[in-house]
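Written below as structure tokens is the structure these notes are about.
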Amino acid sequence: MNAARAARAALGERLAARFADRRLAEQRALLAEVRDELGGEDAVRRRDIRPPR
């Protein structure tokens, strides 16, 4: 597993431990809708989005 995947997996585990899985899924869906509304889908595909700190 590369470093980016490992970091995403660790973050996912940390968020799942703090928030309910269903609630976390709802928030991810909302964020995806907001991203698409603001035109960020292409930037994500091109990987122009910096990772969170």
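Where a number appears in this text, it was derived from the coordinates with a stated rule and is not lab data. Everything numeric here is computed off the predicted structure, so don't read it as measured data. Reconstructed Cβ throughout: ideal geometry from the backbone, glycine too, with neighbour counts over all protein chains shown.
Just a few scattered comments:
- The label point for A17 and the one for A29, both projected 7 Å from the Cα toward the Cβ, are 2.7 nm apart.
- For the chain, radius of gyration divided by Kirkwood radius, i.e. Rg to Rh on alpha-carbons: 1.01
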